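Asks: Shown below is the structure under consideration.
The values are calculated or read from the model by the stated rules, or taken from the named source; none is laboratory data. Source: prediction; values computed, not measured. Note: ideal-geometry Cβ built from the backbone for every residue, glycine included; neighbour counts use all protein chains shown. For the accessible areas, the whole protein counts, side chains as well, though only heavy atoms, and no ligand, DNA or RNA atoms are used. Shrake-Rupley method; radii C 1.70, N 1.55, O 1.52, S 1.80 Å.
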Amino acid sequence: MFFWNCEAASPVDYALLLTTATAWIYAAWCLIQMRYERRTPLVWWEPVPLSSADLTTTGREYQRRFFFSLLAGACAILSAVALCASR
């Protein structure tokens with residue numbers, strides 16, 4: 001949606017889009033790491049654990065980083081759209 005109505009015209013636009021991409025890639029990496037940080041072994045058909053009940057201490061840290069990265073990426077993309085709309 002950002003590129004349909006706007007174009008990245010300033011370095012701030014590029015920085016916000018780069019922040020969004022980096023945050024969401026890091027969130028995906030944390031999600032993969034959470035999959036392996038369980039008390040019981042995870043088989044391939046089980047979903048990724050999003051509750052902290054079955055996670056180890058390291059898994060809870062990855063869970064916290066996952067949600068923080070999603071939030072940071074969402075804030076960055078919304079800021080980029082708001083900045084574009086204000087022009």
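Asks: Give the range 68-80 a look and list any residue that's of a type in the set (A, V, I, L, M) and open to solvent by 50 Å² or more (accessible area, probe 1.4 Å), or say none.
Replies: Across the range 68-80, the qualifying residues are LEU70, LEU71, LEU78.
Asks: Also: Please enumerate the residues belonging to the range 1-24 that are modelled with pLDDT under 80 and in a helix (DSSP H, G or I).
Replies: Answer for the range 1-24, where residues must be modelled with pLDDT under 80 and in a helix (DSSP H, G or I): PHE2, PHE3, TRP4, ASN5.
Asks: Right, next: TRP45 versus (1) at pLDDT below 85; (2) assigned to a helix (DSSP H, G or I): which is the lone unmet condition?
Replies: (2)
Asks: Only one residue in ARG60, ARG65 is surrounded by 12 or more Cβ atoms within 10 Å (Cβ to Cβ), modelled with pLDDT of 85 or more, closer than 30 Å to SER10 by Cα and of a type in the set (Lys, Arg). Which one?
Replies: The match here is ARG65.
Asks: Quick check on the range 25-33. Is at least one of its residues among the polar types (S, T, N, Q) and either at pLDDT 80 or above or open to solvent by less than 50 Å² (accessible area, probe 1.4 Å) (or both)?
Replies: Yes: one or more hits.
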